[in-house]
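Student: Can you keep this structure in mind? I'll have questions shortly.
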Amino acid sequence: MSGPVARLAGLQVGPAQSEPSGDFGLIGLAVMGQNLILNAADHGFTVVAFNRTVSKVDRFLENEAKGKSIVGAHSIEEFCSKLKKPRRMMLLVMAGPAVDDFIEKLLPYCDKGDIIIDGGNSHYPDSNRRTRYLAEKGIRFVGTGVSGGEEGARYGPSLMPGGNEEAWPYIKDVFQSIAAKSDGEPCCDWVGDEGAGHYVKMVHNGIEYGDMQLICEAYDIMKRGLGMSYQEMGEEFDKWNKGVLDSFLIEITRDVLKFSDDDGKPLVEKILDSAGQKGTGKWTAINALDLGMPVTLIGEAVFARCLSSIKEERTRASKVLSGPKPSFTGDRATFLKNLEQGLYASKIISYAQGFMLMQTAAKQYGWKLNKPSIALMWRGGCIIRSVFLKDITAAYRAEPDLENLLFNDFFNKAIHEAQDGWRDVVSYAVKAGIPMPAFSTALAFFDGYRTKDLPANLLQAQRDYFGAHTFIIKPEYANDKYKSGEHIHVNWTGRGGNVSASTYNA
Ligand code: 2AM
């Protein structure tokens with residue numbers, strides 16, 4: 001042990017037999033991991049660092065970690081031996097098999113009650129599995145969402161921990177110290193059971209997709225629909241950033257629009273319009289479909305990226321498919337106000353949909369979910385941080401079992417005030433031939449959600465007609481012939497049989 005110990009940076013140099021001094025251990029020295037370690041050290045914790053490629057440990061100790069309360073380990077055994085019990089060990093490695101590999105490597109050196117935290121971008125079913133697997137061995141597993149990128153990791157990320165709740169009292173001090181603060185409150189609280197932390201991070205990313213798509217649609221209609229210059233657009237986003245849309249994403253959009261290349265042209269104009277994606281938005285949309293939840297805005301945001309990515313085909317289509325030429329004749333200032341309100345209203349819908357999904361997931365998966373704390377965790381540190389999330393936090397604090405954000409007085413009033421302008425914007429976009437899938441789907445959801453009688457009565461009739469899938473009669477029409485709540489099949493044509501397919505449920 002003398003070799004590695006002699007190389008230790010910072011405070012912790014001593015014989016191998018000494019009491020372990022590490023408050024917190026972190027494995028995975030990519031930028032995120034390094035920054036989280038530095039962040040924890042800045043908050044007074046002694047952090048033990050390890051990495052698969054061990055040379056990176058020494059490089060880190062000799063550079064960024066120098067002079068800080070950070071000690072290195074050159075093997076898993078050494079890593080574990082340097083941590084106080086119960087050990088608090090965080091993995092920040094590539095999601096997937098690397099996490100399972102490290103868990104298996106840690107286990108022989110762990111004691112009952114130790115805590116293994118996965119802070120990578122794991123898919124929540126993996127965190128469900130790991131929580132159960134490790135609980136059987138007496139090890140407490142935490143799967144935590146970490147958002148805010150490299151900067152967030154260094155100076156205050158949003159942290160969304162879930163898993164084995166027994167771990168929370170032991171990790172709370174570290175997590176809440178290193179997390180971002182919003183109005184003095186840490187953007188970190190216990191999310192819920194098993195994979196709930198990674199689940200909430202996944203929905204966060206889905207909402208991020210939606211917010212970004214909404215902003216892109218606003219930019220498109222400003223540019224092509226109103227013919228605004230980049231300078232003008234940048235100024236408009238700057239104005240928006242001082243109102244209800246005040247947020248990190250609006251702020252960076254302002255900066256991007258104002259950013260000129262060496263030749264004076266806006267750099268963004270030169271960027272290929274083909275969006276990439278890493279999959280968390282798609283996971284959210286797939287999960288929404290699995291749970292039967294109408295999370296339409298995130299779905300549209302994912303599809304909009306897909307459409308963007310078939311650039312060559314779109315280029316061919318642009319030569320053979322024509323549409324209207326935008327010609328705006330109204331009052332620009334009024335339109336821009338409406339656009340701001342329309343974006344705000346669409347955002348309210350998107351977050352309402354996101355919370356619908358999370359509360360359904362909690363019910364379906366049997367998780368206790370800490371709803372008021374979710375908005376709080378997203379208030380600062382993460383990509384979707386915004387003033388708007390303060391109002392969502394307030395809504396769920398006032399009523400933790402709020403059925404839907406749209407039933408909250410504040411948001412109910414906000415969406416009613418925005419409604420007329422929102423419709424004007426979407427109408428103009430349709431007439432001008434400028435796609436606004438996220439704005440439009442939000443409005444369609446709003447109109448569907450507030451409609452007591454949807455045309456699904458006809459749909460049920462069609463299903464019963466061709467597939468004998470049965471229907472239920474509206475309570476006010478129940479009688480001896482059509483009993484309330486019963487699955488009814490009607491022979492619509494007078495031909496065919498009377499057999500119903502009530503067990504068929506597709
Ligand atoms: P490395 O430095 O040895 O590559 C981000 O890639 C982090 O995840 C790095 O610390 C990296 O370790 C680690 N990592 C990536 N894949 C891994 C794997 N299969 N097993 C262990 N660690 C891995």
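The values are calculated or read from the model by the stated rules, or taken from the named source; none is laboratory data. None of these values were measured; they are calculated from a predicted model. Cβ sites come from the backbone with ideal geometry, for glycine too, and all protein chains shown count toward neighbours. Heads up: the accessible areas ignore ligands, DNA and RNA and are worked out on the full protein's heavy atoms, side chains in. Shrake-Rupley method; radii C 1.70, N 1.55, O 1.52, S 1.80 Å.
Student: Which of the residues that make up the range 427-440 are open to solvent by 20 Å² or more (accessible area, probe 1.4 Å), in contact (Cβ under 8 Å) with a residue 12 or more places away in the chain and part of a helix (DSSP H, G or I)?
Tutor: First, the residues of the range 427-440 that are open to solvent by 20 Å² or more (accessible area, probe 1.4 Å): 427-428, 430-431, 433, 435, 437, 440.
Among the residues that remain, those that are also in contact (Cβ under 8 Å) with a residue 12 or more places away in the chain are: 428, 431, 433, 435, 437, 440.
The answer is Tyr428, Lys431, Pro437, Ser440.
The rows are residues; the columns are (1) surrounded by fewer than 20 Cβ atoms within 10 Å (Cβ to Cβ); (2) in a helix (DSSP H, G or I).
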| position | (1), (2) |
| --- | --- |
| Met377 | no, yes |
| Gly381 | no, no |
| Ile384 | no, no |
| Leu389 | no, yes |
| Ile392 | no, yes |
| Arg397 | yes, yes |
| Pro400 | yes, no |
| Phe411 | no, yes |
| His416 | yes, yes |
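Student: I've got another one for you. I'm told Gln277 meets every condition in (1) open to solvent by 70 Å² or more (accessible area, probe 1.4 Å); (2) in a helix (DSSP H, G or I); (3) closer than 30 Å to Ser158 by Cβ; (4) touching a Phe, Trp or Tyr at 6+ places or on another chain (Cβ under 9 Å) except one. Can you identify the failing condition by its number?
Tutor: Status for Gln277: all satisfied but (2).
Student: Considering only the range 128-150, state which residues are assigned to a helix (DSSP H, G or I) and either under 18 Å from the mean Cα position of the chain (by Cα) or buried (at least 21 other Cβ atoms within 10 Å of the Cβ) (or both). I'd like the intermediate steps shown before the answer.
Tutor: So the first thing to find is which residues in the range 128-150 are assigned to a helix (DSSP H, G or I), and the list is 128-136, 149-150.
The answer is Asn128, Arg130, Thr131, Leu134, Gly149, Glu150.
Student: Residue by residue through the range 111-121, note down the ones that are more than 16 Å from the ligand (Cβ to nearest atom), within 28 Å of Pro157 (Cα to Cα) and in a loop (DSSP other than H, G, I, E, B). If you could, list the steps in order and put the result at the bottom.
Tutor: Kept after step one, since they are more than 16 Å from the ligand (Cβ to nearest atom), are these residues of the range 111-121: 111-115.
From the residues that got through so far, the ones that are within 28 Å of Pro157 (Cα to Cα) too are 113-115.
Listed by number, the residues that qualify are Gly113, Asp114.
Student: Name the residues in the range 357-375 that are under 28 Å from Asn241 (Cα atoms) and open to solvent by 10 Å² or more (accessible area, probe 1.4 Å), would you?
Tutor: Across the range 357-375, the qualifying residues are Lys371, Pro372.
Student: For Ile349, all conditions in the list (1) part of a helix (DSSP H, G or I); (2) loosely packed, with under 12 Cβ neighbours inside 10 Å; (3) in contact (Cβ under 8 Å) with a residue 60 or more places away in the chain hold save one; what is the number of the exception?
Tutor: Of the numbered conditions (1) part of a helix (DSSP H, G or I); (2) loosely packed, with under 12 Cβ neighbours inside 10 Å; (3) in contact (Cβ under 8 Å) with a residue 60 or more places away in the chain, the odd one out for Ile349 is (2).
Here is a yes/no grid of residues against (1) more than 16 Å from Phe175 (Cα to Cα); (2) exposed (fewer than 15 other Cβ atoms within 10 Å of the Cβ); (3) within 14 Å of the ligand (Cβ to nearest atom):
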| site | (1), (2), (3) |
| --- | --- |
| Ile37 | no, no, yes |
| Ala41 | no, no, no |
| Val57 | yes, no, yes |
| Ala65 | yes, no, no |
| Leu83 | yes, no, no |
| Met90 | no, no, yes |
| Gly96 | yes, yes, yes |
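Student: Tally time: how many residues in the range 226-274 are open to solvent by 60 Å² or more (accessible area, probe 1.4 Å) and in a helix (DSSP H, G or I)?
Tutor: 11
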